[in-house]
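To start, the structure itself, in structure tokens.
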Amino acid sequence: MTAKPLLTTGQIFTMSFGFMGIQCGFALQNANTSRILRSFGADVDQLPSFWLVAPIVGMIVQPLIGHYSDRTWNRLGRRKPYFLTGALLSSLALIFLPNSGSLAGAIPALWIGAAFVMIMDASFNVAMEPFRALVADNLPDSQRAKGFAIQAFLIGVGAVGGSYMTSILTWLGFSTVPGRDGIADNIKYSFYIGAALFILAILVTVIFSKEYPPEEYKRYQGRQPVEKEKTGLAEIGRDFRKMPKTMLQLGLVQFFSWFAMFSMWVFTTDAVATHVFGLTGSYSTTQAGNHAGNIVGNAFGIYNGVGALYALCLTPMSRIFGRKITHAISLLAGGIGLISIFFAHSATELYVSMIGVGLAWASILAMPYVILSSSIPAGKMGIYMGIFNFFITMPQIVNGLFGGWVMKHIFGNQPIYSVVLAGFCLIAGAISVLFVYDGGAIRMQQEKAGFYADQQT
């Protein structure tokens with residue numbers, strides 16, 4: 001088996017550039033879906049049920065896409081056909097979601113909007129999943145921390161653009177007054193621009209990055225990426241049962257992390273409107289409610305911006321402290337940030353709270369994959385990255401099923417307490433990661449020790 005060649009920083013950027021477009025669309029969804037659905041008539045305790053679409057679709061789609069992308073090779077490559085297909089479908093969903101009210105007739109706008117959220121999430125997952133596998137495909141172990149860190153940086157850059165989009169358009173003069181269908185122009189045109197950026201960013205990766213063809217891949221991985229004799233759900237089940245020990249242990253860390261992020265995305269807009277700004281009544285269709293939504297978009301932009309910069313620090317930090325300690329520190333900072341929102345009484349204080357969230361978010365997007373990739377068998381990157389998505393979607397499904405009930409019956413319809421609970425979940429994740437077996441880090445330490453021993457002899 002031949003060692004993979006090192007890639008330049010420019011090549012690594014190009015390889016993950018499309019993820020920036022995906023995250024721009026994802027950030028638009030995170031910052032605005034709750035207020036769009038609220039404008040169409042959803043109650044705050046119903047929001048988790050509508051957000052359930054995303055993790056359920058991801059749980060189904062990502063393992064399938066990972067499985068079949070491991071077995072694909074055509075003129076576009078192995079992962080690229082999925083990037084492009086997902087980008088086209090996602091862009092269409094981004095265009096139609098804010099126009100659900102105009103399309104309503106016999107079917108209420110709320111259900112049309114929920115349907116487009118489902119299409120959007122399925123398409124995001126088609127485009128997103130292969131990017132994780134592409135980094136692991138193309139980079140040797142020694143560059144994977146750098147590769148996933150650069151990917152997290154680009155994700156952050158795209159998310160900053162998506163999060164700030166509605167405020168930027170407001171500054172440019174687009175109307176913030178909800179129209180006849182309940183959606184203001186600054187929201188609608190943000191989604192149109194996001195759709196265009198999504199396509200353009202994906203095209204950069206498709207056109208300018210390379211993938212190893214099957215024979216060359218075999219030389220680096222020791223096996224062909226395609227196994228035609230084993231296909232479909234049966235092998236996905238076999239791979240699931242044989243998942244590496246490290247993946248299973250990381251599953252608990254991911255449960256706490258993604259339960260927390262789901263709560264933040266679903267409830268922050270209403271938590272800020274009611275707890276920080278003191279709005280009451282049907283505020284979701286008022287200018288004051290739209291302003292609160294823009295503030296949340298800005299806050300999400302801050303955590304994504306901080307995450308983009310912090311992602312560049314993860315590689316040197318992991319060398320100094322180790323991968324697990326780095327992730328634990330980051331999650332702890334995020335937990336403190338979310339809990340501190342309870343004490344925020346202005347936009348500025350909210351923005352400060354989001355700094356810690358940004359540290360956690362960058363690490364969530366990078367460090368689990370760095371730890372995991374070293375434990376995955378050669379030729380199984382796509383399927384195991386897809387299976388790993390179970391540990392992202394399952395906590396969101398649990399939250400979607402019970403989060404609304406807890407918020408209504410235990411927290412008295414005060415969404416701020418769901419955000420505080422999310423903070424404690426991130427702290428639990430920080431503790432859990434300390435018990436994960438990181439075989440890749442151990443191997444690198446042994447190789448380094450062996451190198452120094454050879455130098456001395």
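Couple of notes before you dig in:
- Of the residues G412, G307, the single one that is in a loop (DSSP other than H, G, I, E, B) and not β-branched (V, I, T) is G412.
- When residues of segment 284-326 are limited to those that are in contact with a Lys or Arg (Cβ under 9 Å, 6 or more places away or on another chain) and modelled with pLDDT under 85, the one nearest to G337 (Cα to Cα): G293
- Residue within segment 420-440 that is surrounded by fewer than 17 Cβ atoms within 10 Å (Cβ to Cβ) and at pLDDT below 90 present: yes
- Against the test of being among the hydroxyl-bearing types (S, T, Y), at pLDDT 85 or above and under 30 Å from R219 (Cβ atoms), the options T170, T166, T85 yield a single qualifying residue, T85.
- The criterion of being among the hydrophobic types (A, V, I, L, M, F, W, C), surrounded by 24 or more Cβ atoms within 10 Å (Cβ to Cβ) and at pLDDT below 80 holds for V126.
- Of the residues making up segment 310-330, those that are farther than 21 Å from V160 by Cβ, touching a residue at least 12 places away in the same chain (Cβ under 8 Å) and among the β-branched types (V, I, T) are I325, T326, I329.
- Options Y189, Y212, Y217, Y164; residue that is assigned to a helix (DSSP H, G or I), of a type in the set (S, T, Y) and more than 24 Å from the chain's Cα centre (by Cα): Y217
- The condition (being at negative phi, of a type in the set (F, W, Y), at pLDDT below 90 and surrounded by 18 or more Cβ atoms within 10 Å (Cβ to Cβ)) is satisfied by just one residue among Y369, Y417: Y369.
- Per the conditions (1) closer than 30 Å to D438 by Cα; (2) in contact (Cβ under 8 Å) with a residue 60 or more places away in the chain, the sole criterion not satisfied by K218 is (2).
- Considering W51, W73, the condition of being surrounded by fewer than 20 Cβ atoms within 10 Å (Cβ to Cβ), in contact (Cβ under 8 Å) with a residue 40 or more places away in the chain and within 30 Å of I371 (Cβ to Cβ) is satisfied by W73 alone.
- Tabulated pairs, segment 392-414, first in contact (Cβ under 8 Å) with a residue 40 or more places away in the chain, second surrounded by fewer than 24 Cβ atoms within 10 Å (Cβ to Cβ) and of a type in the set (D, E), C-beta under 8 angstrom, 6+ apart or interchain: G404/D45; W405/D45; M407/D45; K408/D45; N413/D45
- Yes/no for S100 being small (G, A, S), surrounded by 24 or more Cβ atoms within 10 Å (Cβ to Cβ) and within 22 Å of D43 (Cβ to Cβ): yes
- Residues of segment 103-122 that turn out to be modelled with pLDDT of 75 or more and over 21 Å from S49 (Cβ atoms), as a count: 0
- Residues in segment 3-50 that are touching a Pro at 6+ places or on another chain (Cβ under 7 Å) and β-branched (V, I, T): I36, V44.
- Scanning segment 206-228 for residues that are at pLDDT 75 or above and hydroxyl-bearing (S, T, Y) yields a count of 2.
- A201 passes every criterion in (1) in contact with a Cys (Cβ under 9 Å, 6 or more places away or on another chain); (2) surrounded by fewer than 21 Cβ atoms within 10 Å (Cβ to Cβ) apart from (2).
- Test: residue in segment 158-167 that is surrounded by fewer than 21 Cβ atoms within 10 Å (Cβ to Cβ), without any contact (Cβ under 8 Å) to a residue 60 or more places away in the chain and not charged (D, E, K, R): no
The values are calculated or read from the model by the stated rules, or taken from the named source; none is laboratory data. It should be emphasised that the depicted structure is a prediction, and the values quoted were computed from it without experimental measurement. Reconstructed Cβ throughout: ideal geometry from the backbone, glycine too, with neighbour counts over all protein chains shown.
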